[in-house]
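To keep things clear, I will list the structure first and then write my remarks on it.
The values are calculated or read from the model by the stated rules, or taken from the named source; none is laboratory data. Model, not experiment: these values are computed from the prediction. All Cβ positions, even for glycine, are placed from backbone atoms using ideal geometry, and neighbour counts span all protein chains on display. Quick note on the areas: whole protein, heavy atoms, side chains included, nothing else; ligands and nucleic acids left out. Shrake-Rupley method; radii C 1.70, N 1.55, O 1.52, S 1.80 Å.
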Amino acid sequence: MKSSNHVGSFILFAMAFLPISAYSEAIPDRGPIPFAAYDKDNDGLISEKEFNEVRAERISKRAAEGGPMRGAANAPLFTDIDINNDGKIGPEEFAARQSQHRKTNRNKFNPSSSSDPQKPVHDSRKLVTMPERAKDIIRKKMQSNLAALNAIIGYLASNDFESAAESAEKTMGKSTMGKHRGSGAAPGLFMPKEMRSLGRGMHEAASEFAEVAKQGDIKNSLKFLEKLTGSCVACHHAYRIR
């Protein structure tokens, strides 16, 4: 019995030095994400950073596995749940939004909706309206990003880590932010807060990848590349401009 008590005490002692996030609930592969999974620091509230990180992690994981993304586009945004606009989501706000979301989905469900092959497919991503000039800028930027990602994969396959790092930073890194700020047509001016947050996350992830790639570790480089592409996936599955 004494030995058992020592073992129990040791486990509790070891747990005390684990990061708080180690106690947070795992993100489920399917279905609604529970409050505890979003609350990564276990403080009883969900910050916007926690919300976006968990949402992006789930989408990235499902995309990597080739899983369906039907629910990703319909998922509520942080501001939809933060009813009192205090920058935090409490358990009551979270439960209220989940209940409302379930009711909305039930009302939208129509078994005959797929019976007509001529019926247009509904794109449930959030439409972000912006001037044509801004749309043109963001479309060209996305094409440039896609080309850069393709080049980065090629560089990594050839163990050319320096070129991979340079391509990531010059095309998508933090140094590329704000290039159209003075034009009056900068896409960020017309983006909702959550979309801008995902965009900043992409730029930061690109710079992080660049720094890691310079170290020449292929496994670690791919890990941070996945984080970069995950931020792209999260944004494209939640928003559209046309």
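Restricting attention to the range 147-163, the residues that are surrounded by fewer than 18 Cβ atoms within 10 Å (Cβ to Cβ), among the hydroxyl-bearing types (Ser, Thr, Tyr) and assigned to a helix (DSSP H, G or I) add up to 1. Checking Lys223, Lys219 one by one, the residue that is open to solvent by 80 Å² or more (accessible area, probe 1.4 Å) and either touching a helix residue (DSSP H, G or I) at 6+ places or on another chain (Cβ under 6 Å) or closer than 30 Å to Lys126 by Cβ (or both) is Lys223 and no other.
For Ser175, the requirement of being over 18 Å from Arg139 (Cβ atoms), at pLDDT below 95 and surrounded by fewer than 19 Cβ atoms within 10 Å (Cβ to Cβ) is met. Yes or no: Glu204 farther than 30 Å from Thr79 by Cα and of a type outside the set (Lys, Arg)? When the stated conditions are applied, Glu204 does not pass them. Taking the criterion of being within 28 Å of Arg242 (Cα to Cα) and over 24 Å from the mean Cα position of the chain (by Cα), the residues of the range 131-179 that qualify are Pro131, Glu132, Arg133.
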